[in-house]
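Structure first, commentary second.
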Amino acid sequence: VVRSSATPRTYSSISATEIAERTKRMLDAKEKSGLSYDELSSKLGVTNTYTAQLLMGQARLTSTTAIKLQEALPTASQQDIDNMQTTYPMRAFDEAILKEPNVYRTYEAITHYGEAIKSIINEQCGDGIMSAIDFYCDVGSTTGKHGEKRVVITFNGKFLPHIEQKMDDNSAKSPRD
């Protein structure tokens, strides 16, 4: 199917334009509430990063959290709250976001320290990776020893060990049978 550049890109039956419009409405509701991400996350019982992901359509809203979100952001429409519970998020990103200085510098720090981080994970946990699914991220700030404001980003992911792929442990039928 060929689409003109004026046709919004869709994922399955989900319109990226509709998600962007809902994101704007949810961020407007947050602004009208006067709540910071930290304050809103405390009311929802989730991390500040997860709160931002919810408002930006990057995480799915549970029914329990939906009640709290509606109470915390009374100007958010019931339709938007309902859609946030029934729409599966597209957990991708527009590559243009890497040009945004905060995102680029975070990416740069991860790539710069990546090999050292991997080495320490392997030493402390073994051969494996940190999950980005069973994962918590929290962003905060602190004051440095010279009085400067410093950013603190905590990644807390479940360790997933790589396994030896033994034939006897494979419960799937072999494609060669």
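The values are calculated or read from the model by the stated rules, or taken from the named source; none is laboratory data. No experiment lies behind these values; they were computed from the predicted model shown. Cβ placement follows ideal geometry from the backbone for every residue including glycine, while neighbour counts extend to all protein chains displayed. To get the accessible areas, we keep the full protein, side chains included, count just its heavy atoms, and leave off ligands, DNA and RNA. Shrake-Rupley method; radii C 1.70, N 1.55, O 1.52, S 1.80 Å.
Worth a mention:
- Selected residue (criterion: least open to solvent (accessible area, probe 1.4 Å)) from residues of region 45-74 that are hydroxyl-bearing (Ser, Thr, Tyr) and free of Cβ contacts under 8 Å to residues at least 40 places away in the same chain: Thr51
- All positions within region 75-96 that are of a type in the set (Val, Ile, Thr) and open to solvent by 40 Å² or more (accessible area, probe 1.4 Å): Thr75, Thr86
- If the condition is being open to solvent by less than 60 Å² (accessible area, probe 1.4 Å) and in contact with an Asp or Glu (Cβ under 9 Å, 6 or more places away or on another chain), then region 16-40 contributes Arg22, Met26, Ala29, Ser33.
- Some residue of region 97-107 being open to solvent by less than 40 Å² (accessible area, probe 1.4 Å) and either assigned to a helix (DSSP H, G or I) or not hydrophobic (A, V, I, L, M, F, W, C) (or both): no
- Restricting the first member to region 91-109 and to residues that are at pLDDT 85 or above, and the second to residues that are open to solvent by 70 Å² or more (accessible area, probe 1.4 Å) and assigned to a loop (DSSP other than H, G, I, E, B), the beta-carbon pairs closer than 9 Å and six or more apart or on different chains are Val103/Phe93.
- Failed condition for Phe155, given (1) assigned to a helix (DSSP H, G or I); (2) in contact with a strand residue (DSSP E or B) (Cβ under 9 Å, 6 or more places away or on another chain): (1)
- Restricting attention to region 11-50, the residues being among the β-branched types (Val, Ile, Thr) and touching a strand residue (DSSP E or B) at 6+ places or on another chain (Cβ under 8 Å) number 2.
- Check on Pro101, more than 24 Å from Phe155 (Cα to Cα) and not β-branched (Val, Ile, Thr): no
- So Ala116, is it open to solvent by less than 70 Å² (accessible area, probe 1.4 Å) and more than 30 Å from Gly45 (Cβ to Cβ): yes
- Among the residues of region 130-150, those that are assigned to a strand (DSSP E or B) and either exposed (fewer than 10 other Cβ atoms within 10 Å of the Cβ) or over 18 Å from the mean Cα position of the chain (by Cα) (or both) comprise Ile133, Ser141, Thr142, Thr143, Lys149, Arg150.
- Qualifying residues in region 3-15 (those that are open to solvent by 60 Å² or more (accessible area, probe 1.4 Å) and among the small types (Gly, Ala, Ser)) - the one modelled with the lowest pLDDT: Ser4
- Restricting region 77-96 to residues that are β-branched (Val, Ile, Thr) and assigned to a helix (DSSP H, G or I), the residue that is farthest from Ser33 (Cα to Cα): Thr86
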